[in-house]
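Peer 1: Before I ask anything, let me first share the structure, which is written out below as structure tokens.
Readers should treat all values here as calculations from the given coordinates under stated rules, not as data from a laboratory. In this text, all values refer to a predicted model and were calculated from it rather than measured experimentally. Here the Cβ is made from the backbone with ideal geometry for all residues, glycine too, and neighbour counts use every protein chain on show.
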Amino acid sequence: MNSRNFELQPMVNLETMIQHLNLKAIDELVVLDVSRKNRKIEDLCQNVKLISKKCFVPISAGGGVRKIDDFYGLLNSGADKVVINTIALESPEFISKASETFGSQCVVVSIDVKKGKDGDYYVYSNDGKINTGRKVLDWAQEVETLGGGEIYLTSIDRDGVAQGYDVGLIEKVSKAITIPLIASGGVGQFSHLTEGIVAGASAVSLANLFHYIGTNLINAKLYMAQHGVDCPLWNF
Amino acid sequence: MKVCVIDYKMGNLGSIANVLEEIKCNYVISNRAKEIEESDKLVLPGVGAFLKGMDNLRKLGLVDILGREVLVKRKPILGVCLGMQLFADKGFENGEHRGLGWISGEVKRLFPNDNTLKVPHVGWNDIKIKKDSKLFLKIGGDASFYFVHSYYFSAPEENVTSTFEYGGEFTASVEKGNLFGAQFHPEKSAENGLTLLKNFVGV
């Protein structure tokens, strides 16, 4: 799926994607089921199984995860980490339960935000549809306290518009937590990736720019390395 | 050539199996004596706690079977993460516990001398190759691999083939005759991991 401010557009099917995506140049893969209807964990598990046959880096999977059993299903299908969002907002103690059962390194909490009229960033739930009224800094800190291992932070405003990450947002949140922050939403050029790291993200994630073109990801990493970012380089 | 991935109920065997399939290596996942004996090489994976790992090996009768295959018949074995750590004399996770004692040394908690570095050590990190090893053929001297662990194997210098930096220098891989071990997860380390596993299988 292609996403622009969380409006979805189908692109290619998974099998084709697996063949074309340069799985050899990715550090970690995030697989999110963003289906708006009939979303089932069993389907996500099947897709993760398919992907894990060809993807030999850590896989984080999520989208509609609501129970500890969903964690077991995804981990047994080949995921290394599980991504949760709405369930964490509804029942924050679920973060602790998952962390205690599987280890915090297994629990990625995804936070979707939009800038409010007052300039503050507000957390949205349910595929970005509902403004929870919570401010991002408070929620991010609570997630860390509850045992979340990583935070996957997406700016809904920047999603899919290729104008770069919301650097101010990344700076604010990364300073407020000690667990890793993964930046998401807005990459259009290689320099955006470096900006994300400089702003304080531990990792940068991207989707649209690299869905199609094989060597783009390799060039992105070389660009980042040339600009002082310490990232794994394989025998390119 | 057949590899047996030892199933002692610790961790995701599927990931190792996926790589073995990808590199077109004949393999079986098992904890039964017959299949272990019929295999040419062994992989001991593992994610989880030291004591549970040893308990599971004991309960499945694997300490004796593996002892015979590895120490007497000298079958090549690759220990991954917890699998490698179990080769040690003892481990100090939640108390002091005996390991297999195949490579001397102890498994201790990581202690980065840098309070910005957290434990567990999770993510990509470079290794520094210290000794020639068949495992590192065609792999660069400061190659990246994926790590996720809270404990490390403090082994004798002559058995340490590579180290990683994390607020200190720690063992990344070990080797002693037919015994090979990796703290990182080659099955999660993209091209470098695939190459390392190909090297082990071809060894």
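Peer 1: Quick one: in the stretch A:117-165, what % of C-alpha pairs are over 13 Å apart?
Peer 2: Working: 761 of 1176 pairs.
Considering the stretch A:117-165, 65 percent of its Cα-Cα pairs are separated by more than 13 Å.
Peer 1: List, in order, the whole-Hz ³J(HN,Hα) value for each residue of the stretch A:77-94 obtained from phi through the Karplus relation with A = 6.51, B = -1.76, C = 1.60 and θ = phi - 60°; use x for Gly and Pro.
Peer 2: 8, x, 6, 9, 9, 10, 9, 10, 9, 4, 4, 5, 5, 6, 9, x, 5, 4
Peer 1: In terms of modelled amide H atoms, which long-range or inter-chain residues lie less than 5 Å from the amide H of A:Gly186?
Peer 2: Here A:Gly160, A:Val161, A:Ala162 satisfy the definition.
Peer 1: Name the residues whose placed amide hydrogens come within less than 5 Å of the amide hydrogen of B:Leu110, ignoring near sequence neighbours (fewer than 5 apart) on the same chain.
Peer 2: B:Tyr151, B:Tyr152
Peer 1: Then there is this: May I ask which residue of A:Leu137, A:Ile197, A:Gly147 lies farthest towards the positive end of the charge dipole of the stretch A:2-226, with charges of +1 (Lys, Arg) and -1 (Asp, Glu) on Cβ and the Cα centre as origin?
Peer 2: A:Ile197
Peer 1: Can you list the lysines whose alpha carbon is less than 16 Å from that of B:Lys34, not counting same-chain residues fewer than 8 positions off?
Peer 2: Correct list for B:Lys34: B:Lys2, B:Lys73, B:Lys75.
Peer 1: Still on this structure, I have one more. How well do other chains shield peptide B:189-202, expressed as the mean number of their Cβ atoms within 10 Å of each residue Cβ? Could you put the intermediate results ahead of the total?
Peer 2: Working: counts 6, 12, 9, 4, 3, 3, 2, 0, 1, 0, 0, 0, 0, 0.
Mean partner-chain Cβ count within 10 Å for B:189-202: 3.
Peer 1: Let me ask another. Over the alpha-carbon set of the protein assembly as shown, work out the extent along each principal axis and list the three values in angstrom, largest first.
Peer 2: Result, largest extent first: 72, 44, 43 Å.
Peer 1: Per DSSP helix of 4 or more residues, -39500 (n - 2.57); summed, then divided by the residues of chain B. What does that give at 222 nm, rounded to the nearest 500?
Peer 2: -6500 deg cm²/dmol, from helical runs alone.
Peer 1: Something else: Step through the residues of the stretch A:132-142 one at a time and calculate ³J(HN,Hα) from phi using the Karplus curve (6.51 cos²θ - 1.76 cosθ + 1.60, θ = phi - 60°), rounding each to whole Hz and writing x for Gly and Pro.
Peer 2: These are the phi-based 3J(HN,Hα) values: 6, x, 7, 8, 4, 4, 4, 5, 4, 5, 5 Hz.
Peer 1: Peptide A:98-105: average number of partner chain Cβ atoms within 10 Å per residue? Intermediate results must be reported in sequence, preceding the final value.
Peer 2: On the way: counts 0, 0, 0, 0, 0, 6, 3, 8.
That average works out to 2.
Peer 1: Right, something else. How do A:33-40, A:55-62 rank on mean C-beta neighbours within 10 Å, highest first? Walk me through the intermediate numbers first.
Peer 2: On the way: A:33-40: 11.4, A:55-62: 25.0.
The packing order, highest mean first, is A:55-62, A:33-40.
Peer 1: Follow-up. Take peptides B:170-182, B:115-127, A:157-169 and line them up by average Cβ neighbours within 10 Å, highest first, as a rough protection proxy.
Peer 2: Numbers: B:170-182: 23.8, B:115-127: 17.1, A:157-169: 19.1.
Highest to lowest by the protection proxy: B:170-182, A:157-169, B:115-127.
Peer 1: How shielded is A:138-144 by partner chains, expressed as the average number of their Cβ atoms within 10 Å of its Cβ atoms? If you can, show how the numbers build up before the last one.
Peer 2: Values: counts 0, 0, 0, 0, 0, 0, 0.
Partner-chain Cβ atoms within 10 Å, mean over residues of A:138-144: 0.
Peer 1: What order do you get for A:220-228, A:83-91 when each peptide is scored by the mean count of other beta carbon atoms within 10 Å, highest first? It would help to have the intermediate numbers written out before the result.
Peer 2: Working: A:220-228: 15.9, A:83-91: 19.9.
My ranking of the peptides, most packed first, is A:83-91, A:220-228.
Peer 1: Using just the C-alpha positions of the stretch A:2-226 as equal point scatterers, what log10 of I(q)/I(0) does the Debye formula give at each q in 0.09, 0.12, 0.17 1/Å?
Peer 2: The calculated log intensity ratios at q = 0.09, 0.12, 0.17 Å⁻¹ are -0.33, -0.61, -1.34.
Peer 1: Apply the Karplus curve 6.51 cos²θ - 1.76 cosθ + 1.60, θ = phi - 60°, to the phi angles in the stretch A:26-38 and return the couplings in whole Hz, x for Gly and Pro.
Peer 2: My calculation for the stretch A:26-38 gives 9, 7, 8, 10, 10, 10, 10, 7, 9, 4, 8, 10, 6 Hz in order.
Peer 1: Within the stretch A:1-80, what is the number of lysine pairs with alpha carbons under 22 Å apart, leaving out pairs fewer than eight places apart on the same chain?
Peer 2: Counting lysine pairs in the stretch A:1-80 gives 9.
Peer 1: Once Rh is set to the Kirkwood radius over Cα pairs, what Stokes-Einstein translational diffusion coefficient, in µm²/s, holds for the stretch A:110-236 at a temperature of 4 °C and a viscosity of 1.567 mPa s?
Peer 2: Working: Rh = 15.1 Å.
D, rounded to a whole number, is 86 µm²/s.
Peer 1: Give me, ordered by chain and number, the residues 5 or more places off A:Tyr121 or on other chains with an amide H under 5 Å from its own placed amide H.
Peer 2: Those lying under 5 Å, H to H, from A:Tyr121 are A:Gly116, A:Val136.
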